[in-house]
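The values are calculated or read from the model by the stated rules, or taken from the named source; none is laboratory data. Quick caveat: nothing in here was measured; it's all calculated off a predicted structure. So basically every Cβ, Gly included, is an ideal-geometry build from the backbone, and we count neighbours across all protein chains shown.
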Amino acid sequence: RNISDKSTFEIVFLKGIFSGLGSCIIALCIGEPLPKLGAVAAALLLGFVAYGLSIFCYVRAQNALGAAKTSAYYAVAPFIGTALSCIIWRDALSVQYFLALAVMLAGSVLVVLDTLQAEHTHPHTHTFTHTHDGVTHTHTITHSHAHVHGRSETEHSHHHRMHTLLKQHEQAHHV
């Protein structure tokens with residue numbers, strides 16, 4: 001979540017540079033020969049597409065969707081890759097694949113549905129009139145408590161028992 005607030009380009013650039021430099025240092029330390037220029041160009045292109053664009057899209061999605069939704073969506077990615085691989089290599093997908101996909105999709109749907117609800121606190125004002133000892137009183141009570149909203153920030157309701165509101169009012173004025 002902290003990373004998603006930073007510049008997407010900066011994050012991808014720094015991750016690419018440091019992971020690439022780290023891999024080069026390890027290769028040189030274990031005695032790997034330097035590759036030919038064509039192999040370097042192919043590796044850079046593959047890294048740009050497979051790693052750079054992937055990280056870029058992930059961080060951008062975190063900025064737009066939030067960490068939970070992004071993780072839920074990206075959790076399905078290996079299943080898409082497996083399905084594409086089976087199509088390309090003409091392999092059959094197994095029953096276990098479809099069972100695992102169903103479980104992962106169900107989990108992703110639950111995470112996304114959960115993040116559609118917004119919980120926040122805001123004040124509410126209640127005005128009510130009652131009569132006791134022959135005198136009619138009108139009371140206005142303002143209080144706040146948490147609400148959970150679904151897809152609409154404006155549609156919500158809550159209920160209080162009159163006894164609870166009166167008790168809160170009395171405590172506020174007799175303290």
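Quick one: which of Leu166, Leu99 is in a helix (DSSP H, G or I), more than 28 Å from Gln62 (Cβ to Cβ) and modelled with pLDDT under 70? Lay out the reasoning, then the answer.
Numbers: Leu99 fails: modelled with pLDDT under 70.
Of the residues listed, the single one that is in a helix (DSSP H, G or I), more than 28 Å from Gln62 (Cβ to Cβ) and modelled with pLDDT under 70 is Leu166.
Exactly one residue out of Tyr73, Tyr51 is assigned by TED's automatic domain parsing to the domain that holds Ser108, touching a Ser or Thr at 6+ places or on another chain (Cβ under 8 Å) and either in a helix (DSSP H, G or I) or surrounded by 13 or more Cβ atoms within 10 Å (Cβ to Cβ) (or both): that is Tyr73.
For every residue, the table says whether it meets (1) more than 29 Å from Ala75 (Cβ to Cβ); (2) surrounded by 12 or more Cβ atoms within 10 Å (Cβ to Cβ).
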position	(1), (2)
Lys6	no, yes
Ile11	no, yes
Phe18	no, no
Leu21	yes, no
Gly38	yes, no
Leu45	no, no
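Would you mind telling me which numbered condition in (1) closer than 24 Å to Arg60 by Cα; (2) modelled with pLDDT of 85 or more; (3) among the charged types (D, E, K, R) Asp114 fails? Looking at each condition in turn, Asp114 falls short on (2). Tyr74 fulfils the conditions (1) without any contact (Cβ under 8 Å) to a residue 60 or more places away in the chain; (2) farther than 19 Å from Ala106 by Cα except for a single criterion, (2).
Can you name the residue in region 117-163 that is more than 30 Å from Ala72 (Cβ to Cβ) and among the charged types (D, E, K, R) and, of all such residues, is modelled with the highest pLDDT? Talk me through it step by step, then tell me what you get.
Initially, region 117-163 is screened for residues more than 30 Å from Ala72 (Cβ to Cβ), giving 123-144, 159-163.
Pick out the ones that are also among the charged types (D, E, K, R) and you get 133, 161.
Working: Asp133: 82, Arg161: 62.
So the residue we want is Asp133.
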